[in-house]
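The values are calculated or read from the model by the stated rules, or taken from the named source; none is laboratory data. Predicted, not measured: the structure shown is a model, and the values here were computed from it. Here Cβ is always computed from backbone atoms with ideal geometry, including for glycine, and neighbour counts include all displayed protein chains. Accessible surface is based on the protein model in full, side chains and every heavy atom, while ligands, DNA and RNA are left aside. Shrake-Rupley method; radii C 1.70, N 1.55, O 1.52, S 1.80 Å.
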Number of protein chains: 2
Amino acid sequence: MALVAVSNKRVILKRYLTACEIGQLGDEMEVVTAEAVPLSVPAGSFAVLVKNLYISCDPYLRNRMIRHEVPTYISDFVPGEVVTSHGVMKVISSGHLDFKAGDLVWGMTGWEEYTLINNPESLFKINYPEFPLSNYTGVLEMHGLTAYVGFFEMSKPKKGASGAVGQVVGQLAKITGCYVIGSAGYDEKSKFGFDDAFNYKKEQDLEAALRRYFPEGIDIYYENVGGKMLDAVLPNMSLGGRIVACGMISQYNLEQPEGVRNLYYIVTKRLRMEGFHVFDYYDRYYRFEEEMAGYLKEEKVSYVEDVVEGLDTAPAALIRLFTGRSVGKQLVAVAREQAPAHQEN
Amino acid sequence: MALVAVSNKRVILKRYLTACEIGQLGDEMEVVTAEAVPLSVPAGSFAVLVKNLYISCDPYLRNRMIRHEVPTYISDFVPGEVVTSHGVMKVISSGHLDFKAGDLVWGMTGWEEYTLINNPESLFKINYPEFPLSNYTGVLEMHGLTAYVGFFEMSKPKKGASGAVGQVVGQLAKITGCYVIGSAGYDEKSKFGFDDAFNYKKEQDLEAALRRYFPEGIDIYYENVGGKMLDAVLPNMSLGGRIVACGMISQYNLEQPEGVRNLYYIVTKRLRMEGFHVFDYYDRYYRFEEEMAGYLKEEKVSYVEDVVEGLDTAPAALIRLFTGRSVGKQLVAVAREQAPAHQEN
């Protein structure tokens, strides 16, 4: 094969953010066109060269743009280097036996057109290309697995339990027979089949709102918000309720986190609050992928995406997460190469 | 039996406290000598009349002297009525088949000389009267059971785990082979065989102190303090650590609880924080009593009490819990009637 080289447009971090800049778009990212990359992996390398199709915009990325004195569970980005996140990719050239040119995969990649992935063991194959490939930045990927593990393994749900939860986890809860109220930072119109939903940013008195929605208490709270939301939830939990903590988005762009005052309810109501990270559950991925693909086919789970086009729009797309302007999973289409839709009989 | 009547000195609640008065002795309690009580239970009654020997001073009692708009897990005291808590009692007269005059029991009773107990099913028999009977206000009663359940059932300890814990639970942890640092609101000299101990009220920088004591992180934190202590513990927890929450004494006398800012560590360190109440575990009592009696006999557990004499001193004794002046379990000797010590061969 002749060695083909192309240019490579990429989003790089220019400088570290201060914590209070998290929700604002400044000059901390830059879209540059880098020098040509060769479109095959170096001879003898075990690496994989991918063409990026979709990249995922996630709240934790903004946190990686801050320089942390004390290391967090994931490394800080480095100024001058490309921003990375999960994405959907097509293999162009492979030095690894598990992958060949043309394979569709998801995993950690760069915000650029082409990425050389030196640890291809971290990639997952896409087994259901009949779905929109962009689903592999969300419902069929780490985000869906987070919901799946958070609900089925961490919450230990009982039929009829009540919970205030996110998009996918709420639908899993509905499938299981729970009474589900969604809570989001925007006006959620579709409700995804939930029993009801509200915008936590618009409620004057969150604690009273929750009392109204859950007169008999909340059995399962899937924590993605933190701060004032958690403070309003705690007095509304039912005895022995569970709080599954997977994120606290309301706290990421504060100089100092809000203090949570109602923790004594953990004692009086005998609550369990437990944090988890999907990294610890990747061994469940293919079982999850199969089950979730089934729910999607049967339309038991529906899924909303907010797709913007092109790497140039990626920095702004990330900010939309914090301004509450994105509805559904925010992602960027870098290049559209949808595999032909599989026709079912 | 001739009907004998005696007078009955008792401590009554005069008026409700405001939250900020919790740690101060005011005129909210009064010691009065009530009219004579008959020393036998009414004919046909299932009640039990007891003579109170020891009464227990516990932080939660101050909280029962506040009028709560929203009910807590235990009812508020009523002005004009006797203060109640756990105590050690001798049965004087019984209308219940399970009890007879002379039996030694522990359970909920009044801060007075004699109490008519209408629900004797709630009483526990004392099976080891060879120990100081006062131990049945603490190490051999609900408090010991709390430590026992909190440690063996809630913490799921592994040998070699590290924990910052209270008097009895720390010794159980030592028996299990854990590295134990005690933390108390006073200068703890005895250390109860712990690996070390510190006064959390005297540390300028609690977070740094904990980092010094636990360079590899805390596996189990037994939470009885809350507020700033919890905020200092969270960044020092090890991955997958457990926080067993049984009380938050630092918060009881505040108008508004302190905000806890470091909760995001629950997510990043995948911590489990769980509240429990010993009420839910009373079915384990007699198994626990036997096991704890064994530890005490073998001197694997030592136990420190702070005993004051007479009902007149009871109100002040309760305050000592909050001023940090009591070392060990605070209790009041109402009448001393220790059963003859059992001589072991």
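Observations on the structure shown:
- Across chain A, the longest run free of exposed loop sites, meaning GluC sites (Glu not before Pro) lying outside DSSP classes H, G, I, E and B with no more than 16 other Cβ atoms within 10 Å, spans A:131-215.
- Long-range amide H partners of B:A34 with built H, under 5 Å: B:N8, B:K9, B:R10
- Euclidean distance between Cα centres, segment A:64-121 to segment B:182-241, Å: 40
- Long-range HN-HN contacts of A:S183 with modeled amide H, under 5 Å: A:V165, A:F198
- The local environment of B:E337, defined by Cβ-Cβ distances under 9 Å, has a net charge of +3 under the rule Lys, Arg +1 and Asp, Glu -1.
- Ranked from largest to smallest solvent-accessible area, with a 1.4 Å probe on the protein heavy atoms, B:S302, A:S326 come out as B:S302, A:S326.
- Structure-based [θ]222 nm, chain A - -39500 (n - 2.57) summed over DSSP H runs of at least 4, per residue, nearest 500: -5000 deg cm²/dmol
- Using θ = phi - 60° in the Karplus curve 6.51 cos²θ - 1.76 cosθ + 1.60, the 3J(HN,Hα) couplings for segment B:106-112 round to 10, x, 6, 8, x, 7, 7 Hz; x is entered for Gly and Pro.
- Ranking of B:V48, A:V6, B:V327 by solvent-accessible surface, largest first: B:V327, A:V6, B:V48 (1.4 Å probe, protein heavy atoms only, all chains present).
- Note on segment A:30-73: Kirkwood radius taken over Cα pairs, Stokes-Einstein applied at 25 °C and 0.890 mPa s, translational D equal to 169 µm² s⁻¹.
- B:Y286, A:Y200, ranked by accessible area, largest first (probe 1.4 Å): B:Y286, A:Y200
- Rounded to the nearest 5, the antiparallel percentage of DSSP beta bridges internal to chain A is 55%.
- Residues whose amide H falls under 5 Å from that of B:M237, counting only those 5 or more places apart or on a different chain, are B:I218, with hydrogens built in the peptide plane.
- Over the protein assembly as shown, the Kirkwood radius and the radius of gyration, each from Cα atoms, give a ratio Rg/Rh of 1.08.
- Backbone geometry of segment A:53-64 corresponds, through the Karplus equation with coefficients 6.51, -1.76 and 1.60 at θ = phi - 60°, to 3J(HN,Hα) couplings of 9, 9, 10, 9, 9, 10, x, 4, 5, 4, 5, 6 Hz, x marking Gly and Pro.
- Total formal charge among the other residues, if their Cβ is under 13 angstrom from that of B:T137, Lys/Arg +1 and Asp/Glu -1: -3
- Shielding by partners, peptide A:275-281 (average Cβ within 10 angstrom, other chains): 4
- The mean number of Cβ atoms from other chains found within 10 Å of a Cβ in peptide B:236-245 is 2, as a whole number.
- Segment A:142-279 shape via C-alpha gyration tensor axes, a/c threshold 1.5: rounded
- Applying the criteria of a DSSP loop state and at most 14 other Cβ atoms within 10 Å to the trypsin sites (Lys or Arg not before Pro) of segment A:1-40 yields A:K14, A:R15.
- Counting from the shortest, the label point at A:E35, 7 Å from Cα toward Cβ, is 10.3 nm from the same position in each remaining copy.
- Taking both sides together, the accessible area buried where B meets A is about 2700 Å² for a 1.4 Å probe.
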